[in-house]
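A.B. asks: Sharing a structure, written as structure tokens. Questions coming.
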Amino acid sequence: MLDLVLQALQTLFDPANFAYLILGVLLGLMIGVFPGLGGIAGLSLLLPFLYGMDEVPALATLIGLVAVIPTSATFTSVLMGIPGSSSSQATVLDGFALAKKGQASRALAAAFSSSLLGGLFGAIILTFFVQIARPMILLFGSAELFMLAIFGLSMVGSLSGKSLVKGIVACGFGLLIGSIGAAPGTGEYRMIFGVDYLYDGLPLVVIALSIFAFPEISELFRKDTAIAEGAELGKGGWLPGVKDLIQHKWLALRCAGIGTIVGAIPGMGGSVVDWIAYGHVVQTTKDKSQFGKGDIRGVIAPESANNAKEGGALMPTLLFGIPGSGSMAVFLGGMVLIGIEAGPSMITTDIDLTYTIIWSLAIANVLGAGLSLFLAGPISKLTRIKFSLLAPFMIMVISFAAFQATKDMADLWMLLIFGLIGTFMKRFGWSRPAFLIGFVLATQAESYLNMSVQFYGWKMFLRPGVLIILVLSLISVYYSRKGTVDENAELMAKVRDKRTGSLLPQMSFAIAVLAYVLIAIYDGFQQSFLGGVFPLFIAFGILPFAFWLVWIFYREQTGNAAVFDAEQAAEAGTFKAPWYEPILWITGLYVLSMLIGFIPAIIVFFISFFTLKAKTGWLKTAVLTASGVILLMAFGYFLNLEFPQGVLFN
């Protein structure tokens, strides 16, 4: 075995093969920095170039790209509050909070060093378990996979913030939104309201950008200050972040283990692993008061897990051709293109290629983390720039990224609609992580539930694996709330002292959510049993909590933690523009894009914004506008991406 391992390393360090690995790493860094693309898009762009390539350089390029994307995706998650990929969503909570405190370089360094540790851990586990992982993974049937989805939902208690009731309703709301489109078991269309775009459901990229990036951009837009609130970026460059990892090394190793295990389970993948790791660190910490406000452990946990999951995801992919995630599905297609068949041969006749993949994974993580650490300090200085100069670029980026989801103009309108929902959730203290976990797990949970009911009946709940995961889920819920105090007491006192406005906006939002729950119930009764059982189960489950929230607001119980308005609690003068102003600017951009196309609309948007809002001179406006358009066209050209086309010039 040792001879094979060393031979694979020697093969990889051949100058030509190593150059392809570096190429994959650089491509991964570029794609990861751009929000919303992720491993699936990156690998898909590489597939046409694999024809005619030898096995080792092709694999090195593919692994270099897929290993580094979770690392580089951290840049936008920390610096701008924009999830760089589906596996870097949880990092936004504390990473962006640290950036706003002027500690961006510390957060980035902790993230990248944690990513390095997690990536190497995943590669090591893959090395040792490549021979024995097959029977372990086969133990997971549809019933166990359903319970794993429930285990992911059990993290809601940890991520509910100031109100568990709001967290439960937000999670259920996310599950119902995730149920839009074709039912997994029957193909029946649910809650599409006659809109063709909804037939395939809502894309994760659009929802993630809407719920996290959009509200942060809107808030910074209204404050019109730099992202970083601290006076300095922090002394010591990236060194404090590395020290944080050393201090919390056991936490990082635990979360890397979680990432490897979750990554190895087909169908779970990167969309949920960071939330499970984040929920774990919140549950196992006595002092939870700083999570979501800038706790470095909230960066280390998800970042160590999301890189480790790549090693785990390669287990089922290589051993018996079952992709551990969406990116692994594309990776599997790349293996077919170069003539490699996943399965038992990967641990027999092609074992040398397996070890080449493992070495590529380990070395790519080292290169990616090293380059990212080198860039962390200079790039973190972006947080010191006044936001009125950054806003057009950030709006351009999230809009362009959202459009790549389905290449439909409706992507942008959904970004706007759910961005408005995310803005209200942030302002009124609804848990956005709980909503996103529900959305991500909806399809998987329903698919596994349908299969389990058909295969095992309701005896599925008596299977040993199901019982074990059920117990773990109950423990998760218990520890997530144990010892929790009302961290919002001080804020609530401030609200009571200063509140002069009405609770009508909060109650209206709660009523809107309640109305959607009732619509889901009506729609569920129009479906067959398998088509309607899941949304009906969810809707009836959260219905009493939704009614309770509306009742709370109606009675104006300001002492209840469910009554919270971030804007009312903020100091006077924090916001320099009304809540609807960023909505109007973005709506104008999308209307123009629909009429004349995205690039001409961006030119008009940039000139108007810098002239009217940022009050910059004509020369500066011209330079910034040209920079934005060149950046946009460069991404479109080199990554072969599309722009929204206008109806007037199409």
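A.B. asks: Taking a label point 7 Å from the Cα of Lys381 along the Cα→Cβ vector, which residues of region 55-82 have an amide N closer than 12 Å to it?
C.D. replies: none
A.B. asks: In region 581-650, what trypsin sites (Lys or Arg not before Pro) fall in a loop by DSSP, with at most 15 other Cβ atoms inside 10 Å?
C.D. replies: Details: sites: Lys613, Lys615, Lys620; in loops: Lys615.
Filter output for region 581-650: Lys615.
A.B. asks: Say each of Ile22 and Trp551 gets a label point 7 Å from the Cα, pointing the same way as Cα to Cβ; how far apart are those two points in nm?
C.D. replies: For the pair Ile22/Trp551, the computed spacing is 6.7 nm.
A.B. asks: Kindly put Val25, Val195, Val165 in sequence by how many other C-beta atoms sit within 10 Å of each C-beta, fewest to most. Intermediate values should be presented prior to the final figure.
C.D. replies: On the way: Val25 28, Val195 11, Val165 18.
If I rank by nearby Cβ atoms, fewest first, I get Val195, Val165, Val25.
A.B. asks: Which entries in Lys100/Lys309; Lys386/Lys615; Lys101/Lys615; Lys243/Lys309; Lys101/Lys249 show an alpha-carbon gap greater than 22 Å?
C.D. replies: Values: Lys100/Lys309 29 Å; Lys386/Lys615 12 Å; Lys101/Lys615 26 Å; Lys243/Lys309 24 Å; Lys101/Lys249 24 Å.
Exceeds cut-off: Lys100/Lys309; Lys101/Lys615; Lys243/Lys309; Lys101/Lys249.
A.B. asks: How large is ³J(HN,Hα), in whole Hz, for each residue of region 350-357 in order, when computed from phi with the Karplus curve 6.51 cos²θ - 1.76 cosθ + 1.60 and θ = phi - 60°, using x for Gly and Pro?
C.D. replies: So the Karplus estimates, Gly and Pro as x, are 9, 4, 5, 5, 4, 6, 5, 4 Hz.
A.B. asks: State which entries of Lys293/Lys459; Lys576/Lys620; Lys223/Lys288; Lys288/Lys381; Lys288/Lys407 exceed 32 angstrom in Cα-Cα distance in the structure shown. Numbers along the way, then the final one.
C.D. replies: Details: Lys293/Lys459 44 Å; Lys576/Lys620 23 Å; Lys223/Lys288 28 Å; Lys288/Lys381 29 Å; Lys288/Lys407 41 Å.
Exceeds cut-off: Lys293/Lys459; Lys288/Lys407.
A.B. asks: Order of Tyr637, Tyr197 from fewest to most other C-beta atoms within 10 Å? Don't jump to the answer; show the numbers that get you there.
C.D. replies: Numbers: Tyr637 9, Tyr197 17.
Ordered by Cβ neighbours within 10 Å, fewest first: Tyr637, Tyr197.
Bear in mind that the values in this text are calculations on the coordinates, not laboratory data. This structure is a prediction, so every number in the text was calculated from the model and none was measured. FYI the Cβ positions are ideal-geometry reconstructions off the backbone, even for glycines, and counts take in every protein chain you see.
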